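Engineer: Submitted below is the structure of interest, expressed as structure tokens.
No value in this document is a laboratory result; all are computed from the given coordinates. Quick caveat, the model's predicted, so the values are computed rather than measured. For neighbour counting, all protein chains shown are included, and Cβ atoms are generated from backbone atoms with ideal geometry for every residue, glycine included.
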Amino acid sequence: MLDHGQAPPLTQRPANPLLRRKPVERLVSEAGQGEGGALKRSLTMWQLTMISIGATLGTGIFVVLGEATPIAGPAVWIAFIVAGLTALFSALSYAELAGSIPVSGSSYSYAYATMGELVAWVCGWCLVLEYGVSVAAVAVGWGQYLNELLDGLVGITIPQGFSAPLGEGGYINLPALVVVLLCMVFLLRGAKESARINSIMVAVKIVTLVLFCVIGFMGIKAGNYTPLAPLGVTAISTAASMLFFSYIGFDAASTAGEEAKNPKKDLPRAIMLSLLIVTGLYCLVALVAVGAMPWQEFEGTEAALAQIMENVTGHAFWSIVLAAGAVVAIASVVFAVLYGQTRILFAMSRDGLVPKAFAKVDEKTGTPRINTIIVCLFCAVLAAFIPLGELANATSIGTLFAFALVNAAVVILRYTRPEMNRTFKVALFPVTPILGFAFCAYLMWELPWITWAYFGGWMVAGLVIYFFYGMRRSSLGLSALATAEEPTDK
């Protein structure tokens, strides 16, 4: 460990520059510092928890439940538990690293400290895919729920020409464009204001799902739970693989490491608490849903929860309420994921791997203003005009790759820096992170070849950018070069 009066080393310099690692002490010493200003530490543990819940709880329960129930049958709630346990292994690793390295880059920064610059770049590039494309995909889903809400309230819908992109029967997806731009306006107000707005939206969607459970409970029929697994135990595993992606986003709190008031203690708590709350809600909603409607009737039902509300009460009003809750729920996912994307690019920019504009901090609001505008405009255009298709599925493989690296980073850091102060430690080390890595690798292997093809194309593009831009402008590399060129005789 370093003495208090000793400056952190500039770099740990191997012969190969692609393997140069950024010392943990340097990562922490640079925390919060941007171009022309610093990020403000203003987020509490609950606000961090709400950021993770906001990024996770959304389309998964409102859409994927209807797709997974015909596969797993009444045991779909067990599939949610299995998927949650799979996510738990990676969440534990995230919690340990977030408490040890409380910075904005999430798994990108963890990889930089343990596996070197090239692996860190690949991880960061995966996160750009995960966050950027998923924002656009979720924004498109928001437009669909908005149409459902408008139809229920006033009997009109947005014409397809203005609610679908080119190539899908429209000219522009106006709702998707609007929701991203609205989130941009709120994000520019500052981290503290953004956290308050996000907390309100998260509260609305939690209340909506609890309301569904209360009303759906009145329609439960015991016979709907038998047989528990009509399609076999393997069907539960298949559904769990599908439902795992409903948990993507729990790591969002780790992107706020430089804006947390007490990051070493609050980040691990926020990550674990958000996963616990989301898993509990998922299982409760699934249990009520399959009890209130036979599992066979979920086939081909996009808005299963709304249909159950209407069936139980006999009134369309409650399905409108649920649609309104879904609009807020999905908007909060867009909001929280955009926040995470800007903070990851902030960390990569500070390291010189992407242009310095992404690390420029506004003195008044304490936010990376230019970064936020660029990211939001890019995602808005992507959502409004580009048919995402299979590219959206590639976000899954990018996420799993990043999760796998986090599990590997925990093992590496434990052995290379055993003396480091850790406010949270993974239980049953090294079994837990190894299992986390294995689960991620297995789910990646199960993805279709077309997803791998898109992912491969994305990686090739990222490596071209790194070798022609990032590697040459790396702050770590320039520091090492300056040190090597210093005269030896004073």
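Engineer: Would you order Ile465, Ile61, Ile397 from fewest to most other beta-carbon atoms within 10 Å of each residue's own beta-carbon?
Structural biologist: Ile465, Ile397, Ile61
Engineer: Between Leu231 and Leu85, take the C-beta separation as r, use R0 = 25 Å, and let me know the FRET efficiency to the nearest 0.05.
Structural biologist: Once rounded, the FRET efficiency stands at 0.75.
Engineer: Now for a different question. Could you tell me which trypsin sites (Lys or Arg not before Pro) in the range 259-328 are loop residues by DSSP with no more than 16 other beta carbons within 10 angstrom of their beta carbon?
Structural biologist: Within the range 259-328, the qualifying trypsin sites (Lys or Arg not before Pro) (loop, at most 16 other Cβ atoms within 10 Å) are Lys261.
Engineer: Quick check for the range 39-475: number of Lys pairs with alpha-carbon distance under 13 Å, counting only pairs 8 or more apart or on different chains?
Structural biologist: For the range 39-475, qualifying lysine pairs total 7.
Engineer: Per residue of the chain, what 222 nm ellipticity follows from adding -39500 (n - 2.57) for every DSSP H run with n ≥ 4, rounded to the nearest 500?
Structural biologist: Counting only the DSSP helices, I get -21000 deg cm²/dmol.
Engineer: A further question on this structure: Just want to confirm a number: the relative contact order over the range 39-475, from Cα pairs under 8 angstrom separated by 6+ residues, in percent.
Structural biologist: Once divided by the residue count of the range 39-475, the mean separation gives 35 percent.
Engineer: Would you tally the net charge around Val333, using a Cβ to Cβ cut-off of less than 15 Å, leaving Val333 out, and scoring K and R as +1, D and E as -1?
Structural biologist: -1
Engineer: For Tyr108, Tyr415, which order do you get if you count the other beta carbons within 10 Å of each Cβ and list the fewest first?
Structural biologist: By the 10 Å Cβ count, ascending: Tyr415, Tyr108.
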